[in-house]
1. Between Thr458 and Glu117, what length comes free when the chain is fully extended (0.36 nm per residue of separation minus the Cα-Cα distance, one decimal in nm)?
2. Say a paramagnetic label sat at a point 7 Å from the Cα of Val195, along Cα to Cβ; which residues of the stretch 244-262 have their backbone N under 14 Å from it?
3. Can you grab the distance from the C-alpha centre of the stretch 263-289 to the C-alpha centre of the stretch 120-194, Å, no decimals?
4. If we sort 294-300, 199-205, 365-371 on the protection proxy, mean other Cβ atoms within 10 Å, highest first, what's the order?
5. Restricting everything to alpha-carbon atoms, can you work out Rg to Rh for the stretch 326-443 with a Kirkwood hydrodynamic radius?
6. Net charge near Tyr244: determine it from the other residues with C-beta under 13 Å of the C-beta of Tyr244, scoring Lys and Arg +1 and Asp and Glu -1.
7. Could you sort the peptides 240-253, 185-198 by per-residue average Cβ neighbour count (10 Å cutoff), highest mean leading?
8. Pop the C-beta distance of Phe360 and Ala109 into the FRET formula with R0 = 56 Å and round what comes out to the nearest 0.05.
Amino acid sequence: MAQLRLNRDRIECSSMIDSETARDQQHGKRITMLKSLVCQSRRASVAAILVGFSCHGSSLAYAQAVTAPPAPAVKVDTPRLTINIPKPMSDLDIDRYSKMLILSDPQIAFLKRNYSEYLGDCEALLKGAMPILDELSIRGGRGLTAAPLPIETFEIATSLRMKEQEVFDKLASFDKHLFEQLESVLADSQLPLLVRVRMHRERATLWRIGIAIPSASVDLFDLVEKAQPDAESLRTLDPILRDYEETVTPLFVSLNKTTMQNTVKLNELAVRRMRLDIGDDPQKAQLIAELGETEKDLNAKAVKLQMRILTMNEQFAARIFESAPSAIGRKVRQAYREMTYRDIVFPDYEDPEDLYQMLFGRAELTVADREAFKGIWDAYRSSYEAVCKKMVNRYNQWREEYAATSTNTGIKEYKATMRALRAERWTLSKRAIEQLKGVAPAPFMAANERKMDDFIATVDQAERNGEADSYPPW
């Protein structure tokens, strides 16, 4: 099988309203217009409330969603419901997929001819849909400053989400048609690559909203690409990435479908509950309890899928870290940890890794000194990683519980455990530096003791600050 080539540049919404240089002038004009259509509402949606899937300590199905800052020329007067629809494939996507598929010049020409038709279909769809979505976004936003949120806001949000699903499905059908046209001119050796391209596109169009478990929104393929591996590294990682895509893409697609459906259903449940709250039905308590059980059932299906993606991401991330050259592995590990456990477990601002690497390379150390240093460091790092693993597991357990119940029951116990583990990690780091000081020769200490003491003082200050902070955040 030919190797899949990574060359994937994402186009973010904030830049989509700017004109891009396009090889084909007609395509360039269409792409610019389509980008403006997709983003005209998102630009004005700042600190908006997404009436959607994830509940925050309430039986009402709503969550805050902060979008990118608006362009300077856009004045935001009122909050709006966010609009979530995928972007049509761009010229950059077509170029990317042409490289992934190793298309010949005639095949590229064929794809671009059909791509022009694809753009026309997308243009017509978005021209009809965006005014409706925009109007619902504005109407729904009018109630966001009220407390409690009015029933009408949930009803409008339901209509908005249903319209989004309609657009999502139609755009997916356009993607499918374009790929089917392309398949007709591919050689047998290119067909397995088309499977991967189609999976790539499916993952690129996911909502990625309402995800309570952060790892379930992380695509390791993206992280590897952003690490910019060279050709040799990519040859090593490509079989792992192929297995990863085949494993997680169906899970991502299933989670996306479930989330979209649950968003509508949970909003409908919220409306029914609110009507019961203000009514005088003699069976109110029983009916509200039944709605709560229905909500739990809906959440449980999504949580199960998120946990499966988490498990796969953890397993494949470990394989990538171990198989990639050290520089690439470090980049991917850092990106994955920060996207998944940012400000919870990683980054650890009191991690002495950089200090140790600097100390270990000092000329004042003999071979025997370095062996002693390495022994202390390896033992420390084993303990350190074990504590980090406990923190990761406890955090994921809490997120699973929270996503399944939509309540913060058990948060005190969770916070207490995480704070104790953070303190243990600080203690381990200080002890390691103290132990290094204990075996270092006098010439080394004369040049480096201040740096080591400064680190210990930094951790001491972090411990004092930690006594009154609110760690961990949700």
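1. In short, 116.7 nm is gained.
2. Answer for the stretch 244-262: 244-250.
3. Taking the Cα centre of the stretch 120-194 as reference, the centre of the stretch 263-289 is 29 Å away.
4. Put in order of decreasing packing, that is 199-205, 294-300, 365-371.
5. 1.08
6. On the way: positive: Arg196, Arg203, Arg242, Arg319; negative: Asp219, Asp222, Glu225, Asp238, Asp243, Glu245, Glu246, Glu314.
For residues surrounding Tyr244, the net value is -4.
7. Result, highest mean first: 240-253, 185-198.
8. 0.50
Rule-based calculations on the coordinates, nothing more; no lab input. Just so you know, these numbers come straight off a predicted model, no measurement behind them. Glycine gets a Cβ as well: all are built from the backbone with ideal geometry, and neighbour counts include every protein chain shown.
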